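Sharing a structure with you now.
Values in this text are rule-based calculations from the coordinates and carry no lab data. None of these values were measured; they are calculated from a predicted model. Here the Cβ positions follow ideal geometry from the backbone for every residue, glycine too, while neighbour counts run over all protein chains shown.
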Amino acid sequence: MKRNEMYTVEQGPDGFIRMCHLAMVLFGIAAWLTGDAADDYKKLTHVWFTAHGWIGMGFASSFLLYIAYCTFGPAKSRFSSWVPYTKERLLKVLEDVAGLLKFRLPDRLSHQGLAGLVQFFGVLVFTGIAATGALMFFLLEPGGKARGLVHSIKEVHEAGEILIPVYLSIHIGAVLLHSVTGRPVWRRIFFFKEEAPGNQLKAKRGFDESAAD
């Protein structure tokens, strides 16, 4: 897999988005780990359902803060600045797909082109999961099976068991591909500054020279 000759180095998302991202990752992992055990809602004693519900509300709260910030926050962080709904942005998506078919990685700013489409897909998935989870938290009465509207909400919520792995596979897979081809984009998420290939090469040369001495 090759990358475009141009290499764009940029600062990562601001601190608030990073903190929301970290909180969503932690709550999301905890919710996933307790998801199957939460089926004990059918019993009079439902410790795991209660735990899963509060963890889910933690995720929903973090996600709601993220949505609010990306709707009303700084212009560069708003959904309106990157969601691929304009002709120009959709053309970038098609260009990136065409490049991948030629085994060439896209090289754009964050959330531009195909990356923006994938990110928007993730936003839609997590919006559905958070919304249905919150509704179940308030509407589902433990001690019996879910019925009627609550059952339908539960079924939609459980679709996340398929959609979330799909999104994460694409998202994490793209990060790994960029990293192994010389662009460690993962550094921006953890408050590190992304290094250009030239800087990485200089660092490697310096290490080799010091080792030779």
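Pulled fully out, how much extra length does the chain show between residue 158 and residue 101, if you take 0.36 nm times their separation in residues and subtract their Cα-Cα distance? Provide the component values of the computation, followed by the final result.
On the way: separation 57, 0.36 × 57 = 20.52 nm, distance 3.29 nm.
Full-extension gain reported as 17.2 nm.
Before anything else, pin down the relative contact order of the stretch 1-153: Cα pairs under 8 Å, at least 6 apart, normalised by residue count, whole percent.
Numbers: 152 pairs, mean separation 44.4, N = 153.
Relative contact order here is 29 percent.
Treat the count of other C-beta atoms within 10 Å as a stand-in for reagent exposure and order 92, 102 from fewest to most. Could the numbers behind the result be given before it?
Working: 92 19, 102 7.
Exposure proxy ranking, most exposed first: 102, 92.
Using the eigenvalues of the Cα gyration tensor, what equivalent ellipsoid semi-axes result for the stretch 9-80 when each is taken as the square root of five times the eigenvalue, whole Å, largest first? Please list the in-between numbers first.
Working: eigenvalues 212, 28, 11 Å².
Calculated on Cα positions only, the semi-axes equal 33, 12, 7 Å.
Can I ask one more? Calculate the dipole size of the stretch 28-96 relative to its Cα centre from +1 charges on Lys and Arg beta carbons and -1 charges on Asp and Glu beta carbons; express the result in debye to the nearest 20. Write out the running numbers ahead of the final one.
Values: 7 positive and 6 negative charges, 60 e Å.
Computed charge dipole of the stretch 28-96: roughly 300 debye.
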